[in-house]
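The structure under discussion appears below in the form of structure tokens.
The values are calculated or read from the model by the stated rules, or taken from the named source; none is laboratory data. Keep in mind that this is a model prediction, so the values were computed, not measured. Quick reminder, even Gly has a Cβ in these numbers, built from the backbone with ideal geometry, and neighbours come from all protein chains shown. What goes into the accessible areas is simple: the full protein's heavy atoms, side chains included, and nothing from ligands, DNA or RNA. Shrake-Rupley method; radii C 1.70, N 1.55, O 1.52, S 1.80 Å.
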Amino acid sequence: MARPVVLLAVPMPEERRRIALERLGSFAEVLVRSDLSDEELARRASEVDVLVTGGFPRDIPEAVWPRMARLRLLQTLAAGVDHLPYDRIPATATVCSNAGAHRIAIAEHSMALLLAAAKNVVRHTEAMRAGRFPQDLMGKSVRGKTLGVVGLGGIGGEAARLAVGLGMRTVGINRHGGSDAPIAWCGTMAELDRLLRESDVVLLSIPLTRHTVGLIGARELGIMKRDAILVNIARGRLIRELDLYEHLRANPQFVAALDVWWTYPKGEGFPFTEPFHELPNVVMTPHVAWAVPEQSARSLEAALENVARFLRGEPPRNVVDREEYAFEAT
């Protein structure tokens with residue numbers, strides 16, 4: 001009986017190859033996309049049982065997808081799966097995200113954004129670069145304040161643990177209304193308004209699906225405290241861009257701390273259409289919450305462990321409901 005074929009359509013330097021062969025070598029034949037020409041990939045596509053991908057359409061040429069009729073599992077390295085080419089993936093293939101694999105790096109970054117916003121780190125840095133020394137600009141203490149996590153999963157739960165370490169009270173919501181994170185209460189998405197009203201800091205760590213696009217708009221921003229901090233490390237389109245810009249402009253005490261955006265420039269340019277860069281009450285990073293040296297190995301090992309489960313005949317984790325992503329991706 002032929003061994004299953006696993007195609008790794010992700011960057012595979014030497015150390016990653018070692019990890020992949022160590023995890024999967026006894027189960028399957030392992031192919032690396034970068035070792036194959038487009039012609040070789042097209043020839044072998046019909047043999048592929050498992051595809052490990054970054055999740056972007058560019059990982060596999062469009063003309064190759066119809067040849068992958070044998071594909072049984074598509075495993076991403078990314079936690080978010082809203083950008084997958086669902087119209088090309090065989091309908092019989094199980095799709096799995098890498099939820100939880102990025103929780104440490106992204107939760108740490110969420111705390112960095114939270115503290116930078118609370119302590120006016122960016123504004124103080126800009127002032128000192130300009131030769132000013134504004135000691136009258138007051139920051140906020142986070143101890144005793146409430147962090148509300150929208151999307152209390154792997155990343156949100158890790159962020160809640162870190163926030164508790166800072167002396168914060170934490171609350172959260174998710175689809176199921178339960179969590180083992182150290183929180184005062186956990187509700188379902190139906191309790192979004194309660195969380196927004198109660199929280200001094202709101203953290204968005206929820207997937208972008210057809211149910212969550214535009215989750216935070218003018219109404220929701222209006223419910224939040226006037227001096228709240230909104231941290232987004234999930235997806236830009238969870239927030240309505242114009243509504244956030246207008247709210248920030250009208251409420252200078254309100255701060256947005258953003259790592260994710262509505263559009264992504266190639267090279268130079270702004271990742272937004274409204275002039276957020278002109279507002280003093282915005283902290284910005286260029287979608288780098290995941291970008292720490294340790295994350296590459298963590299992401300790959302978690303993805304390969306799920307592939308190994310599948311090849312052993314065990315139910316894979318983090319199975320995606322394709323219907324959740326039946327919306328126009330940008």
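Structural remarks
- Apportionment of accessible area to carbon and sulfur, the range 204-271, percent (1.4 Å): 51 percent
- In degrees, nearest ten, helix 154-165 long axis to first principal axis of the chain (Cα): 40 degrees
- The range 67-214, accessible area per residue, ligands and nucleic acids excluded (1.4 Å, Å²): 45 Å²
- Of the residues Trp290, Trp261, ranked by 1.4 Å probe accessible area with the largest first, the sequence reads Trp290, Trp261.
- For Lys119, a cut-off of 17 angstrom between C-alpha atoms picks up these aspartates and glutamates, skipping any fewer than 8 places away in its own chain: Glu108, Asp136, Asp200, Asp227.
- The range 15-55 - percent of accessible surface contributed by carbon and sulfur, probe 1.4 Å: 48 percent
- Sparsely packed loop sites in the range 111-153 (the trypsin sites (Lys or Arg not before Pro) outside DSSP H, G, I, E and B with at most 14 other Cβ atoms within 10 Å) comprise Arg132, Arg143.
- Residues in the range 72-82 carry Karplus couplings, in order, of 10, 9, 10, 10, 9, 7, 7, 7, x, 10, 6 Hz; the curve used is 6.51 cos²θ - 1.76 cosθ + 1.60 with θ = phi - 60°, and Gly or Pro positions show x.
- Computed on the Cα trace of the chain, the radius of gyration divided by the Kirkwood hydrodynamic radius gives Rg/Rh = 1.01.
- When you count the other C-beta atoms within 10 angstrom of each residue and take the mean per peptide, 9-21, 223-235 line up highest first as 223-235, 9-21.
- Each peptide in 306-314, 163-171, 264-272 receives the mean, over its residues, of other Cβ atoms within 10 Å, and ordering these scores from highest gives 163-171, 306-314, 264-272.
- Amide hydrogen neighbours beyond the local backbone of Phe27, cut-off 5 Å, H modeled: none
- Solvent exposure of the range 219-270 amounts to 48 Å² per residue of accessible area, where only protein heavy atoms count and the probe is 1.4 Å.
- Computed over protein heavy atoms with a 1.4 Å probe, the carbon and sulfur contribution to the accessible area of the range 59-110 reaches 50%.
- A quarter of the convex hull surface defined by the alpha-carbon atoms of the range 27-131 gives 10.2 nm² as the mean projection.
- For the range 185-330, the spread of Cα positions along each principal axis, largest first, Å: 56, 40, 29
- Ranking Ser34, Ser179 from most to least accessible surface, computed with a 1.4 Å probe over the protein chains only, gives Ser34, Ser179.
- Angle between the chain longest axis and helix 103-118 axis [Cα atoms, degrees, rounded to 10]: 20 degrees
- Cα long-axis angle, helix 295-311 against the chain (0 to 90 degrees, to the nearest 10): 40 degrees
- The stretch between Ala190 and Arg175 holds 4.5 nm of extra length on full extension. This uses 0.36 nm per residue minus the Cα-Cα distance.
- Residues whose amide H falls under 5 Å from that of Ala234, counting only those 5 or more places apart or on a different chain, are absent, with hydrogens built in the peptide plane.
- In a fully extended conformation the segment linking Glu47 and Glu294 would gain 85.7 nm over its present Cα-Cα distance, using 0.36 nm per residue.
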